[in-house]
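Below is one structure, written out as structure tokens; the observations come after it.
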Amino acid sequence: MIRDDIKAATIAAMKSGNKDEVGTLRLVQAAIKNRDIEVRTGGAPANDDALVTEVLQKMIKQRRESAEVYRKGSREDRAAVEEAEIAVIERFLPQQLSDAEAEARIREIIAETGASSMKDMGRVMALVKERLGTSIEPARASALVKSALA
């Protein structure tokens, strides 16, 4: 389980004295715990790794946006910190599909559903999320679906 890998990495980072990595991993654990509390009211998730992956993807998206804002504000030092955190978080994500592979899978789904315009994007995205799930970031999937339907 990804959750156990994160705990083990936190312990290893504490033993090695890597304060930056420990800080990032503690943020990850806190975000996962918050998500657990949110989910508790709706029942247990079917797949714990999917829940953790969703949290990790959200954290990476936030950090990429922050790094971009810092760069626009000429704060390269802060952008570098955000990117270092991204590198730590990405270690725990499942293997992501390559662009060519993701595009091929999305085209298969589009052909299967008979989608032909942007009106069908919701239907296509629902199937993409169901079938490809954690192997592709939602923002990347959305961009690929938009380009395929355009």
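The values are calculated or read from the model by the stated rules, or taken from the named source; none is laboratory data. In this text, all values refer to a predicted model and were calculated from it rather than measured experimentally. For neighbour counting, all protein chains shown are included, and Cβ atoms are generated from backbone atoms with ideal geometry for every residue, glycine included. Note: areas computed on protein heavy atoms with side chains; ligands, DNA, RNA excluded. Shrake-Rupley method; radii C 1.70, N 1.55, O 1.52, S 1.80 Å.
For (1) under 25 Å from Ser142 (Cα atoms); (2) in a helix (DSSP H, G or I); (3) not acidic (Asp, Glu), each residue gets a yes or a no:
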{"residue": "Asp5", "(1), (2), (3)": "no, yes, no"}
{"residue": "Gly23", "(1), (2), (3)": "no, yes, yes"}
{"residue": "Glu54", "(1), (2), (3)": "yes, yes, no"}
{"residue": "Ala67", "(1), (2), (3)": "yes, yes, yes"}
{"residue": "Val81", "(1), (2), (3)": "no, yes, yes"}
{"residue": "Val88", "(1), (2), (3)": "yes, yes, yes"}
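Scan the stretch 112-138 for residues that are open to solvent by 80 Å² or more (accessible area, probe 1.4 Å) and more than 26 Å from Arg3 (Cα to Cα) and jot them down. Within the stretch 112-138, Glu112, Ser116, Met118, Lys119, Arg123 qualify. Each residue in the stretch 90-111 was checked for being crowded, with 16+ Cβ neighbours inside 10 Å and assigned to a helix (DSSP H, G or I), and 5 of them qualify. The set of residues from the stretch 1-32 being within 16 Å of Asp49 (Cα to Cα) and surrounded by 12 or more Cβ atoms within 10 Å (Cβ to Cβ) comprises Ile2, Arg3, Asp5, Ile6, Lys7, Val28, Gln29, Ala31, Ile32.
Here Ala46 passes the criteria (1) at pLDDT 85 or above; (2) in a loop (DSSP other than H, G, I, E, B) except the one numbered (1).
The listed residues are Lys72, Lys33, and the only one of them that is under 18 Å from Asp5 (Cα atoms) and modelled with pLDDT of 90 or more turns out to be Lys33.
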